[in-house]
Amino acid sequence: MGKGIVEKILKISGFSSLNPMQKSAVEKGLLEGKNLVVAAPTASGKTLLCELAAYNLFMNNRGKMVYLAPLVALVSEKYHSFRQKYSRDGIKIAMSVGDLDSSDPWLADYDWVLTSNEKCDSLIRHGAHWVKDIGLIVVDEIHLLQDPSRGPTLEITLTRLREVVPHAQILALSATIHNVKELANWLNAKAVISDYRPVELHEGIYVNSKIQFFGRDGYELDGHLAPELSIIDNTRKLGKQALFFVSTRRSAESLAEKLGGFYQNYLERNEKEQLKKLSQEVISVLEIPTRQCKRLASCIKNGIAFHHAGLLFKQKKLIEDNFRLRTLRTIVATPTLCLGVNLPAFRVIIRDAKRYYGGYGASFIPVLEYKQFCGRAGRPDYDEFGESILMAKSEDEAQELTERFILGEPEDIHSKLALEPVLRMHTLALIASDFVNTRESLMKFFGKTFYAHQHGDTSAINQRIEDIIQLLVNFKFLTEKEGKISATRIGKRVSELYIDPLTAHHLIKSLSRAMKIRPQPFSYLHMIANTIEMRPFLSVGSKEFEEVNSKIVSTRFLQKVPKDDDLEFDDFLKSVKTAMMLEGWMNEMTEDQILSRFRVTPGELRTRLNNADWLLYASQELALLLGFKEILKDLRKIRVRVMYGVKEELIPLVRLEQIGRIRSRKLYNAGLKTISDLRKIPLTSLERIIGPKIAAIVKKQLGEKVEEIKEEKQTTLKKV
């Protein structure tokens, strides 16, 4: 059976045989249900192991596969790939991301469930009954256990799954890490360690207009050009593509412009036409483009793009897709691209081997991160080898970079479970879901984590957990009687809402105050802005202090305002400015105005608006549970305004499909202020305002019969 499955998967994937790393995994029991931790370079074929194990599980009717990944983009990429390859075999494949307040019972009907770490954690909190049917747990990018923001949730989720489905096979996939055997021991797994790459990697150093490699000839570059230009010129002459990694968004944008100014001189006519079309697509993602959109479009016309978290999802996807199609020759990116979807290039250039860390200054990036960058070098279907290049300013620096990165070993990964916000959330979740019900059982659970495995025990965090239990009791989220700990009704709801208990306590206190005073819309905006989930707050410059202070004076806050000399006053100021940004958005400031006024890019704005929406939803749910019906209407109204970025008068219009903030304002300004007005106006008149396609869609929603017309989506920040 095992041999037949291997042959089947190889045929589907277009391969003739397993590579050495994959053979090792099969030999160590991949198809026999053995737990494995696989540490191998990027593009070494780790995903095929997932497919082999999952297909084997399906054919033997041994339960579901759950695939965990740190990013929605990774989940989406694998989902589309798996569906294309395996749906014809009758395998039902589902993707579950996003909504963190649902158990998604429909997933019970699917064989392979692909989800993010946070969503899986949320599903378990909501008591998803199908979890007990899991037979295979695939953990992609397990080295991110050491990431302070993502690692603890993954660690807790994996520990819980091992308790709920103890006989499920675990397949953990990682880039090269130093302490892979320690991780394997924790998971009762065998380690598969390999340096195999389908495309050979040459690691080199740029210094003094030369690229030098170990064991092979390098390149003499044009010494009259700036270092980055000489490298891109050499890449161009080779007919290859490159990824530049830099440390900041500003650096990514400025270097992309610099490279584009050089590269435009070598574009063929047909390339210019393709790039012009792509440039127009990128700039049209928003109906009113921002300065950043225009800057990106200008770079793309020259065959170069920048890529960072400040871009919108649709813009990033256009860049990634067109890089794969070789329309774009070079991308200048921040490290966020390293964690994203599979995007290889012939050459990877790491310009910034140091990064600024708040409170510490500039320090070298981790070796593990450098190895992740290198993993992008070499396209299996296009290149016989790939190149990674570190940039040095002197021979001494070149020597230091060589010893640290090229000859260095990746760091051990360490658990970040001891961070207090993490312990607060997960302590409440474990108790609220009835997973544990005594202090002893709680400590026993933490004793099974990777943290305990690394440190020998949990004594270092036991006292913190004791303090957290007392805090949660004080908040009335937990009760303790005769040694039994249980969640209160509101404590259980807080856990399900996936917010920090400190945030929940702050919201409850603020909502209680809102029942006693007459809050302004800004009062609620500040309530959600001044939370852990909305950090980092926007900084307040010296020239902005007066404006922010004026806002403080005119606002009825739902919390006590700190005194000027209090330690927390600085953070309070920043939270007020953050709320002012949200207010600007719901008062119909454009994305470009937000960028100019608050220095918040469209991508960052999208993230902050998503967080604000969730916090407003959580506030509604808590108000409902507390019986605060009088303020529910205000909260719902503000949530719609923040969701769409509109003033109050546009709420009835903006709820219509295909009608966003811009079209609703057009309708309102034309005298169409209500649904009733839209019913009365003739179709032909409506067409003159918003176009025939959208007019037909609106009339159809209102119950009128109109000709079937293809939908034309409005491009707003909410819908990209």
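Put simply, of GLY361, GLY386 the only residue that is in contact with an Asp or Glu (Cβ under 8 Å, 6 or more places away or on another chain) and either buried (at least 16 other Cβ atoms within 10 Å of the Cβ) or of a type outside the set (S, T, N, Q) (or both) is GLY386. Selection of the range 311-344 for residues being β-branched (Val, Ile, Thr) and within 18 Å of the chain's Cα centre (by Cα) yields ILE319, THR334, THR336, VAL341. Here ILE232 meets each of (1) surrounded by 15 or more Cβ atoms within 10 Å (Cβ to Cβ); (2) closer than 24 Å to TYR356 by Cα; (3) not charged (D, E, K, R) with one exception, condition (2). For VAL138, the conditions (1) out of contact with any Phe, Trp or Tyr (no Cβ under 9 Å at 6 or more places or on another chain); (2) on the phi < 0 side of the Ramachandran plot all hold with the exception of (1).
Only one of the numbered conditions (1) of a type outside the set (A, V, I, L, M); (2) at pLDDT 95 or above; (3) surrounded by 19 or more Cβ atoms within 10 Å (Cβ to Cβ) is violated by ARG636, and that is (3). Of the residues ARG250, ARG197, which single one is of a type outside the set (A, V, I, L, M), in contact with a Pro (Cβ under 6 Å, 6 or more places away or on another chain) and either assigned to a loop (DSSP other than H, G, I, E, B) or over 30 Å from VAL26 (Cβ atoms) (or both)? Just one listed residue meets the conditions, ARG197. Only one of the listed residues (LYS509, LYS492, LYS481, LYS476) is surrounded by 16 or more Cβ atoms within 10 Å (Cβ to Cβ) and either of a type in the set (Lys, Arg) or out of contact with any helix residue (DSSP H, G or I) (no Cβ under 7 Å at 6 or more places or on another chain) (or both). That residue is LYS492.
Screening the range 283-310 for residues that are assigned to a loop (DSSP other than H, G, I, E, B), within 20 Å of the chain's Cα centre (by Cα) and not hydrophobic (A, V, I, L, M, F, W, C) and picking the one that is farthest from GLU369 (Cα to Cα) gives GLY310. Across the range 524-546, the qualifying residues are those that are of a type in the set (D, E, K, R) and surrounded by 14 or more Cβ atoms within 10 Å (Cβ to Cβ), and the one among them that is modelled with the lowest pLDDT is GLU544. Close contacts from the range 68-81, counting a first residue that is among the small types (Gly, Ala, Ser) and a second that is at pLDDT 90 or above, with Cβ to Cβ under 6 Å and a gap of 6+ residues or different chains, come to ALA69/VAL75; ALA69/ASP140. Out of LEU52, LEU36, one residue alone is free of Cβ contacts under 8 Å to residues at least 60 places away in the same chain, assigned by TED's automatic domain parsing to the domain that holds SER81 and under 27 Å from LEU201 (Cβ atoms). It is LEU52.
Residues in the range 147-169 that are surrounded by fewer than 21 Cβ atoms within 10 Å (Cβ to Cβ) and either part of a helix (DSSP H, G or I) or β-branched (Val, Ile, Thr) (or both): ARG162, GLU163, VAL164, VAL165.
The values are calculated or read from the model by the stated rules, or taken from the named source; none is laboratory data. As the structure is a computational prediction, the values presented were derived from the model and not from experiment. Cβ coordinates were reconstructed from backbone atoms using ideal geometry, including for glycine residues, and neighbour counts include every protein chain displayed.
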